[in-house]
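Contents: one structure, followed by commentary.
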Amino acid sequence: MTTDSTPASAERATKGDRPSVLFVCIHNAGRSQMAAGWLTALAGDRVEVRSAGTAPGDRVNPVAVEAMAEVGIDITAATPKILTGEAVQASDVVITMGCGDECPWYPGTRYLDWPLEDPAGQGIDAVRPIRDQIRANVEGLLAELLPGPEA
């Protein structure tokens with residue numbers, strides 16, 4: 001299920017010279033880091049990518065790192081960051097993944113919620129389907145943000 005708080009006409013408006021996306025989950029250690037990795041890998045420098053958490057963990061989930069490495073994406077340098085109002089306001093699209101009402105809301109920002117299972121405490125066999133669902137979601141988002149043959 002996707003929640004979108006802005007009209008369709010605002011979907012492609014950007015606050016800067018390129019679309020900006022912020023991925024948010026509670027610990028910024030699994031889902032949001034994998035999503036940021038996918039979007040960076042698929043969009044390159046055509047999209048500004050951020051991730052943050054409402055209660056960031058100490059490190060990125062090693063199983064999420066392993067799952068992404070299996071598909072050739074290195075997120076070992078990623079570190080969990082605290083969600084700030086400034087990061088939300090600077091983003092065109094904020095995608096939440098399990099942070100519920102803890103994510104600040106600002107007018108003019110598009111919000112989506114991706115209900116995904118939390119990979120925390122799970123083994124690689126359980127994290128792979130989460131990784132693959134995130135990729136599918138990111139590909140759909142990218143098609144909206146960068147329509148045309150390049151996306």
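Tell me whether the range 9-22 contains one or more residues that are modelled with pLDDT of 95 or more, crowded, with 21+ Cβ neighbours inside 10 Å, assigned to a helix (DSSP H, G or I) and not β-branched (Val, Ile, Thr). So far as the range 9-22 goes, no, none of its residues is modelled with pLDDT of 95 or more, crowded, with 21+ Cβ neighbours inside 10 Å, assigned to a helix (DSSP H, G or I) and not β-branched (Val, Ile, Thr).
Assess whether TYR111 counts as being at pLDDT below 95, of a type outside the set (A, V, I, L, M, F, W, C) and under 16 Å from the mean Cα position of the chain (by Cα). Criteria met by TYR111.
Return yes when LEU116 is buried (at least 16 other Cβ atoms within 10 Å of the Cβ), assigned to a loop (DSSP other than H, G, I, E, B) and at pLDDT below 95 and no when it is not. So LEU116 fits the description; yes.
Among the criteria (1) of a type in the set (Phe, Trp, Tyr); (2) more than 12 Å from the chain's Cα centre (by Cα); (3) part of a helix (DSSP H, G or I), the one TRP105 does not fulfil is (3). Inspect the range 75-88 for any residue being under 14 Å from ARG131 (Cα atoms), in contact with a strand residue (DSSP E or B) (Cβ under 6 Å, 6 or more places away or on another chain) and either modelled with pLDDT of 95 or more or of a type in the set (Asp, Glu) (or both) and give the result as yes or no. No, because not a single residue in the range 75-88 is under 14 Å from ARG131 (Cα atoms), in contact with a strand residue (DSSP E or B) (Cβ under 6 Å, 6 or more places away or on another chain) and either modelled with pLDDT of 95 or more or of a type in the set (Asp, Glu) (or both). So which pairs qualify, if the first residue must be in the range 122-148 and more than 19 Å from ASP74 (Cα to Cα), the second must be of a type in the set (Lys, Arg) and at pLDDT 95 or above, the Cβ gap must be under 8 Å, and the two must be at least 6 apart or on different chains? Once the first residue is more than 19 Å from ASP74 (Cα to Cα) and sits in the range 122-148, its partners that are of a type in the set (Lys, Arg) and at pLDDT 95 or above give LEU146/ARG46.
The values are calculated or read from the model by the stated rules, or taken from the named source; none is laboratory data. Here the structure is a predicted model, which is why all the values come from computation and not from measurement. Glycine gets a Cβ as well: all are built from the backbone with ideal geometry, and neighbour counts include every protein chain shown.
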